[in-house]
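These notes concern the structure reproduced below.
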Amino acid sequence: MRFLLDPEHRAFAASLDAMLTAADTPGTAREWGRGEHARGRALWARIADAGVFALAVPEAYEGLGPRPVDLAVAFVELGRHAVPGPLVETVTAAALLREPGPAKRLLPALASGASMATVAYEDASSEEGAFALDGDAADVRLSVTPAGLRLAPGYDGVRPSLDPARRLARLSAGGELLSVGPPAPRALLTARLATAAQALGVGLALLERTVAYVGRRTQFGVPVGSFQAVKHRLADTRIALEFARPLVLGAAVTMAPADVAAAKASACEAAYGAARTALQAHGAIGYTAEYDLSLWLTKARALRTAWGTPDECRAAVLAARARPVSR
């Protein structure tokens, strides 16, 4: 089976690419990492105007979705351009808000981009509260607790993470109880699919930048990219990313837990491999935080374990394959 984008999807991806290319996303990401959100919120509004967040919100609440294939297409482009903010968490919130009252109150603003959401899963044994991505910037802070889904009243502090553009905030305890019981299974699937697509975009950007760099950099009077060892490393990276792409698109079609877990593991490992290749090919300059490559390097590492480590995702695939098939 082949998973190829149709002309409508390709046009959607091209329009997002053009918009984000003109938006200076590296500069926006650096400001976001310093806690300066003005440019990031302006970019968020433009992404929302393109319909990205509405793809995760049901039509009953002024959205267009759920449309996971379109969402995956969009998140590949968001990853390619290193767009900051709680992107995955906002579309995950759309799947978590299943009660009519809270959904009617909160989802239209998420679809329009007027609000951004973050989500934290709180462990029953936690004594310090749950940490959420960009809790200081989000307007809707959801905490998945043993009692159910709560709307956190605020946050109690911010700390940096491996990716400077992914700031962590400790959500305050308590707050309005929005729903009782375990979270909707589709919420985790949405989070993993969006993360996989974003990671795929990060990996593609790393490969593109590395190919361009080794074509410019010379040693012994010839481009570094002409060396056989460099060619092999880049080819392996390309193959890993191209193998991950149909898994991501296929998972978006089926939204089966095993398919989504496989896509998440494959795309995030491919992006992490692309980061290692990019760092090796760039040499010492790749280590510098001032060089834009670092925006994608750190994001590839952070996404690798977000919403499920590679081992957890592989375990989910194996568990699904081990179940007997009903006839």
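What order do you get for 231-244, 182-195 when each peptide is scored by the mean count of other beta carbon atoms within 10 Å, highest first?
182-195, 231-244
Using square roots of five times the C-alpha gyration tensor eigenvalues, list the equivalent-ellipsoid semi-axes of the range 7-183 in whole Å, biggest first. Please report the intermediate quantities before stating the final value.
Values: eigenvalues 140, 85, 29 Å².
Semi-axes from the Cα gyration tensor: 27, 21, 12 Å.
In degrees from 0 to 90, rounded to the nearest 10, what is the angle of the helix 38-49 Cα long axis to the longest principal axis of the chain?
Long axis of 38-49 versus the principal axis of the chain: about 80 degrees.
Full extension from residue 15 to residue 311: what is 0.36 nm times the residue separation minus their Cα-Cα distance, to one decimal in nm?
Extra length available between residue 15 and residue 311 comes to 103.0 nm.
Along the charge dipole of the chain, which of 42, 221, 169 sits closest to the positive end, that is, farthest toward it, with unit charges on the beta carbon of Lys, Arg, Asp and Glu (+1, +1, -1, -1)?
221
Order of 62, 122, 290 from fewest to most other C-beta atoms within 10 Å?
So the ranking, lowest neighbour count to highest, is 290, 62, 122.
For the pair residue 22 and residue 318, how long in nm is the line joining their label points, each one 7 Å along Cα→Cβ?
Reported label-point gap for residue 22 and residue 318 is 5.0 nm.
When a footprinting reagent is the concern and you count Cβ atoms within 10 Å, what order do 119, 140, 202, 222 take, fewest first?
222, 140, 119, 202
If the reach is capped at under 26 angstrom between alpha carbons, list the lysines near residue 104, excluding any in the same chain fewer than eight residues apart.
Qualifying lysines at Cα under 26 Å: none.
Provide the gained length on full extension for the span residue 290 to residue 220, in nm with one decimal, where the gain is 0.36 nm per separating residue minus the Cα-Cα distance. Display every interim value, and only then the final one.
On the way: separation 70, 0.36 × 70 = 25.20 nm, distance 2.75 nm.
Residue separation times 0.36 nm, minus the Cα-Cα distance, leaves 22.5 nm.
Assuming R0 = 45 Å, can you tell me the calculated FRET efficiency for the pair residue 8 and residue 227, based on Cβ-Cβ distance, to the nearest 0.05? Walk me through the intermediate numbers first.
Values: r = 41 Å, r/R0 = 0.91.
About 0.65, to the nearest 0.05.
Run the numbers on the range 162-272 and let me know its relative contact order in percent, using alpha-carbon pairs under 8 Å that are six or more apart.
35 percent
Considering Cα pairs under 8 angstrom that are at least six residues apart, work out the relative contact order of the range 7-183 and quote it in whole percent.
Averaging sequence separation for qualifying contacts and normalising by length gives 19 percent for the range 7-183.
Set the Förster distance to 30 Å, then compute FRET efficiency between residue 156 and residue 176 from the Cβ-Cβ distance, nearest 0.05.
It comes out at approximately 0.95.
Placing +1 on the Cβ of each Lys and Arg and -1 on the Cβ of each Asp and Glu in the range 7-183, which of 116, 76, 14 has its Cα farthest towards the positive end of the resulting dipole?
14
Could you size up the charge dipole of the chain around its Cα centre, putting +1 on the beta carbon of Lys and Arg and -1 on that of Asp and Glu, and report it in debye to the nearest 20?
860 debye
With angles folded into 0 to 90 degrees, how steeply does helix 100-112 sit against the dominant principal axis of the chain? Use alpha carbons for both and round to 10.
The answer is roughly 30 degrees.
Can you return the lysines within cross-link range of residue 299? Criterion is Cα-Cα under 16 Å, with same-chain partners fewer than 8 residues away left out.
264
Provide 155, 121, 287 in ascending order of the number of other Cβ atoms located within 10 Å of each residue's Cβ, fewest first.
Going from sparsest to densest Cβ surroundings: 287, 121, 155.
Could you tell me how many degrees, from 0 to 90 and to the nearest 10, lie between the Cα long axis of helix 185-216 and the main elongation axis, the longest principal axis, of the Cα atoms of the chain?
20 degrees
Relative to the Cα centre, what is the charge dipole magnitude of the range 118-236, using +1 at the beta carbon of each Lys and Arg, -1 at the beta carbon of each Asp and Glu, and rounding to the nearest 20 debye?
Computed about the Cα centre, the dipole is about 740 debye.
Here, each number is a calculation from the coordinates, and none is a lab measurement. Treat the numbers as computed from the prediction; the structure is a model and nothing was measured. Virtual Cβ from ideal backbone geometry, glycine too; neighbours counted across all protein chains shown.
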